[in-house]
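Engineer: Have a look at the structure that comes next, please.
The values are calculated or read from the model by the stated rules, or taken from the named source; none is laboratory data. Remember, predicted model here, so these are calculated numbers, not experimental data. For neighbour counting, all protein chains shown are included, and Cβ atoms are generated from backbone atoms with ideal geometry for every residue, glycine included. With ligands, DNA and RNA removed, areas are computed over all heavy atoms of the protein, side chains included. Shrake-Rupley method; radii C 1.70, N 1.55, O 1.52, S 1.80 Å.
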Amino acid sequence: QNIFHISGQKTLVRISSGGLLICQDYSGTPGFIRLKKRQLCIPFQNIVSIKCSYSNVKLKDRKEISTSLKMNKLSFDLFKTSAKIFDSIPEPLSVKKFGFVGSMPDCLDIHFVKEEKEKGKMKLKQVTLRHDDSDVIEWWSTVVGDMVTSLSKRPRHLLVFINPFGGKGRGKQLWEDKISEIFKIAGIVCKVIVTERANHALSLIQTMSLRRFDGVISVGGDGMFAEVFNGILMRTAQDAKLDQNDTNTNFIKSGVKTFLAHK
């Protein structure tokens, strides 16, 4: 566990077997344990991404020092005469203060999904943990990242079919405004295909290579989902050299996941 600053407030953050426990209103006394209603639990399986970054304060400091260095670039001779060109900086300089090569982050940005009151509906959230010691930030990034990746194999490449007429003609806009950003944050590469006619997705699934995709997403209504789902079943039977019209043919696992996004 460590004490971080979240929105300028000291906050105790713990790592449990199931996720992160953020105890708000930390006062430094055992009393914080009683503030259960002020605790936020983020299960590891709900974490979308973890990224080290700089706070606005640190970025400002780096910019000021960078400007100072540029102003004195042509004044190297002053060093030979022991001139103190950095006297304008009131505090001692350190390697971390310079932040060379961007290797000294002081923030940990965590994107996660939280279930809304409406069952089955998830909303993307973000919390930023700030700590002056970059080693603490990097340690938490590594440990939490390892916990997340150890849970299950997450998709890295997805095939997306969008019905532009679905959702009252807002299918493409729904993907661009509400969905695609989540996959970008998670580092998932998506190949997007906007369907142009009925059974367009069904036809493509039968012919295109699906080897590099970990799953297929359907953005649209029930009809679009049925088209993609049937396409996956038919393609699976085709690859297994089974007669899909034979009533004795049993369903087999396709190996490709199918998801539905609708509004």
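Engineer: D146 versus (1) under 30 Å from L108 (Cβ atoms); (2) acidic (D, E); (3) modelled with pLDDT under 90: which is the lone unmet condition?
Structural biologist: (3)
Engineer: Can you name the residue in the stretch 21-48 that is touching a helix residue (DSSP H, G or I) at 6+ places or on another chain (Cβ under 7 Å) and not in a loop (DSSP other than H, G, I, E, B) and is also modelled with the lowest pLDDT among such residues?
Structural biologist: Restricting to residues being touching a helix residue (DSSP H, G or I) at 6+ places or on another chain (Cβ under 7 Å) and not in a loop (DSSP other than H, G, I, E, B), the top hit is C23.
Engineer: Follow-up question, since we're still on this one. So for the stretch 144-167 (the condition being over 14 Å from the mean Cα position of the chain (by Cα), among the hydrophobic types (A, V, I, L, M, F, W, C) and assigned to a helix (DSSP H, G or I)), does at least one residue qualify? Working first, answer last.
Structural biologist: Residues of the stretch 144-167 over 14 Å from the mean Cα position of the chain (by Cα): 146-147, 150-153, 157-167.
Then keep just the ones that are among the hydrophobic types (A, V, I, L, M, F, W, C); that gives 147, 151, 158-162, 165.
With assigned to a helix (DSSP H, G or I) added as a condition, the list becomes 147, 151.
Scanning the stretch 144-167, I find at least one residue that is over 14 Å from the mean Cα position of the chain (by Cα), among the hydrophobic types (A, V, I, L, M, F, W, C) and assigned to a helix (DSSP H, G or I), so the answer is yes.
Engineer: Looking at (1) open to solvent by 70 Å² or more (accessible area, probe 1.4 Å); (2) assigned to a helix (DSSP H, G or I), which is the one condition that is false for R212?
Structural biologist: Going through the list (1) open to solvent by 70 Å² or more (accessible area, probe 1.4 Å); (2) assigned to a helix (DSSP H, G or I), R212 breaks only (2).
Engineer: Restricting to the stretch 168-195, what's the tally of residues that are under 30 Å from L108 (Cβ atoms) and assigned to a helix (DSSP H, G or I)?
Structural biologist: Matching residues across the stretch 168-195 total 11.
Engineer: A further question follows. Just to be sure I understand, how many residues within the stretch 110-146 are among the β-branched types (V, I, T) and either touching a helix residue (DSSP H, G or I) at 6+ places or on another chain (Cβ under 8 Å) or exposed (fewer than 14 other Cβ atoms within 10 Å of the Cβ) (or both)? I'd like the intermediate steps shown before the answer.
Structural biologist: So in the stretch 110-146, the residues among the β-branched types (V, I, T) come out as 110, 113, 127-128, 136-137, 142-144.
Those left that are additionally either touching a helix residue (DSSP H, G or I) at 6+ places or on another chain (Cβ under 8 Å) or exposed (fewer than 14 other Cβ atoms within 10 Å of the Cβ) (or both): 110, 113, 142-144.
Selection size over the stretch 110-146: 5.
Engineer: Kindly evaluate T195 against the criterion of being open to solvent by less than 40 Å² (accessible area, probe 1.4 Å) and polar (S, T, N, Q).
Structural biologist: Considered against the rule, which asks whether it is open to solvent by less than 40 Å² (accessible area, probe 1.4 Å) and polar (S, T, N, Q), T195 comes out as yes.
Engineer: Right, here's the next one. Residue under question is G167, and the condition is that it be touching a residue at least 60 places away in the same chain (Cβ under 8 Å), out of contact with any helix residue (DSSP H, G or I) (no Cβ under 6 Å at 6 or more places or on another chain) and over 30 Å from V13 (Cα atoms); does it hold?
Structural biologist: Spelling it out, it is not the case that G167 is touching a residue at least 60 places away in the same chain (Cβ under 8 Å), out of contact with any helix residue (DSSP H, G or I) (no Cβ under 6 Å at 6 or more places or on another chain) and over 30 Å from V13 (Cα atoms).
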